[in-house]
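Working notes, structure below.
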Amino acid sequence: MRLVFLGPPGAGKGTQAKLLAKEEGLVHLSTGDLLRTAIARGTPTGLKAKSFMDAGGLVPDEVVDVLIEERLREPDARAGFILDGYPRTLAQATALARMLAAARTPLTRVVLIEVQDERLVARSSGRRSCASCGAIYHVSSKPPRREGVCDGCGGRLDQRADDREEVLRERLRVYREKTAPLVAHYGAQGLLARVNGDLPIGDVTRAVRLASRGAAA
């Protein structure tokens, strides 16, 4: 399988991509993780990307394209992957098509996880992550035993800058403007499958699994 997961920020693409990747033995390639690693290491690319991410905007294509192309060349990715958070623009979709055509490994499916904006704001603005181990919590649906403290390692729980409500709403606006056109783009190619991300997580997982295999959800 060579898959792209699309959907607005907070729709659950990362969660579903990790589950399917483990089940199918695929590599989960998260643009956000790749960029955050570059930022944490203080690389020139990471520092350049940070200002855009903190403001809720899109990182320039030329930065993201390089990260993705290098990762796709690695042996494990050539055996099958899920791209989560890329492409985000038509220009990135064109760049991805070029990369995959050169490797003779075309996409097999594009899965769109759809969730209403207000649900996304409630989900993401309440999310907290452990600064030490990366564990994810939510102030209402999955709170830690002690407020602000990770159950697993005792690390500090923080709200990511791009999970603040004002930043998320800007990210949603940018998504509607820049990324939503990919729905028509991949739909015209017969690659698109839609999944209702408002369903309980188990039902979403089942629908994603079926959609990824080209079956009706």
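The values are calculated or read from the model by the stated rules, or taken from the named source; none is laboratory data. Everything numeric in this text was worked out from a predicted model, so none of it was measured. In this analysis, Cβ positions are derived from the backbone assuming ideal geometry, glycine residues included, and neighbour counts consider all displayed protein chains.
T94 passes every criterion in (1) among the β-branched types (V, I, T); (2) over 16 Å from S212 (Cβ atoms); (3) in contact with a helix residue (DSSP H, G or I) (Cβ under 8 Å, 6 or more places away or on another chain); (4) modelled with pLDDT of 85 or more apart from (3).
Counting only residues that are in contact with an Asp or Glu (Cβ under 9 Å, 6 or more places away or on another chain) and either without any contact (Cβ under 8 Å) to a residue 24 or more places away in the chain or over 30 Å from A49 (Cα atoms) (or both), the stretch 141-173 holds 3 of them.
Would you check if there is a residue in the stretch 41-48 being modelled with pLDDT of 85 or more, among the β-branched types (V, I, T), more than 16 Å from the chain's Cα centre (by Cα) and surrounded by fewer than 19 Cβ atoms within 10 Å (Cβ to Cβ)? So far as the stretch 41-48 goes, no, none of its residues is modelled with pLDDT of 85 or more, among the β-branched types (V, I, T), more than 16 Å from the chain's Cα centre (by Cα) and surrounded by fewer than 19 Cβ atoms within 10 Å (Cβ to Cβ).
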